[in-house]
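Undergrad: First the structure, then my questions, so here it is.
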Amino acid sequence: MTVDTDSFGTLAIAAIRYCQGRKSYMPELVIGIVKSHIEEISDKDLQVMINDCVQQADAGAWGDLLIDKPNWLKWRDLLLEEQKRRKQ
């Protein structure tokens, strides 16, 4: 079954949101999958994910501060770099 770009973006957003604040292997797993398909994410969905990172920081929803927080910050930076790359 082939999943269209809009559906994949929606699914990716939902999966990332599910993982925020969790102390498990799931955030790293989901981020890795979405990261490997980042070019399939629309500009709109990319912006939603960036906005979610801002809200996550505001809420302090990092999960474990020593394990999860650095991964979430790397994810945010990757999203911002991808957005910048697309605007060039």
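The values are calculated or read from the model by the stated rules, or taken from the named source; none is laboratory data. No experiment lies behind these values; they were computed from the predicted model shown. Here the Cβ is made from the backbone with ideal geometry for all residues, glycine too, and neighbour counts use every protein chain on show.
Undergrad: Which of the residues spanning region 1-37 are touching a Cys at 6+ places or on another chain (Cβ under 7 Å) and either charged (D, E, K, R) or in contact (Cβ under 8 Å) with a residue 24 or more places away in the chain (or both)?
TA: If we filter region 1-37 for residues that are touching a Cys at 6+ places or on another chain (Cβ under 7 Å), which is where we start, we get 26-27, 30.
Scanning region 1-37 gives a single hit, P27.
Undergrad: Another one. List every residue pair whose Cβ atoms lie under 6 Å apart, where the two residues are 6 or more positions apart in sequence or sit on different chains, the first residue falls within region 44-55 and is under 13 Å from V34 (Cβ atoms), and the second residue, located anywhere, is acidic (D, E) and not in a helix (DSSP H, G or I).
TA: From residues that are under 13 Å from V34 (Cβ atoms), there are no pairs.
Undergrad: Name the pairs: first residue in region 60-81 and closer than 15 Å to L29 by Cβ, second residue polar (S, T, N, Q) and in a helix (DSSP H, G or I), Cβ to Cβ under 7 Å, at least 6 apart or on different chains?
TA: W72/Q56
Undergrad: Sticking with this one: If I filter region 33-88 down to residues being of a type in the set (F, W, Y) and in contact with a helix residue (DSSP H, G or I) (Cβ under 6 Å, 6 or more places away or on another chain), which single residue comes out as nearest to C19 (Cα to Cα)? Let's see the steps before the verdict.
TA: Looking only at region 33-88, we keep the residues that are of a type in the set (F, W, Y), and these are 62, 72, 75.
Pick out the ones that are also in contact with a helix residue (DSSP H, G or I) (Cβ under 6 Å, 6 or more places away or on another chain) and you get 62, 75.
Details: W62: 10, W75: 12 Å.
Within region 33-88, the match that is nearest to C19 (Cα to Cα) is W62.
Undergrad: Please find, within region 1-29, the residue that is modelled with the highest pLDDT out of those that are among the basic types (K, R) and surrounded by 13 or more Cβ atoms within 10 Å (Cβ to Cβ). I'd like the intermediate steps shown before the answer.
TA: Within region 1-29, the first condition is being among the basic types (K, R), and the residues that meet it are 17, 22-23.
With the extra rule that they be surrounded by 13 or more Cβ atoms within 10 Å (Cβ to Cβ), the set shrinks to 17, 22.
Working: R17: 96, R22: 90.
Only one residue tops the list, namely R17.
Undergrad: Could you list, in sequence order, the residues of region 51-79 that are at pLDDT 95 or above and of a type in the set (F, W, Y)?
TA: If the condition is that a residue be at pLDDT 95 or above and of a type in the set (F, W, Y), then W72, W75 are the ones that fit.
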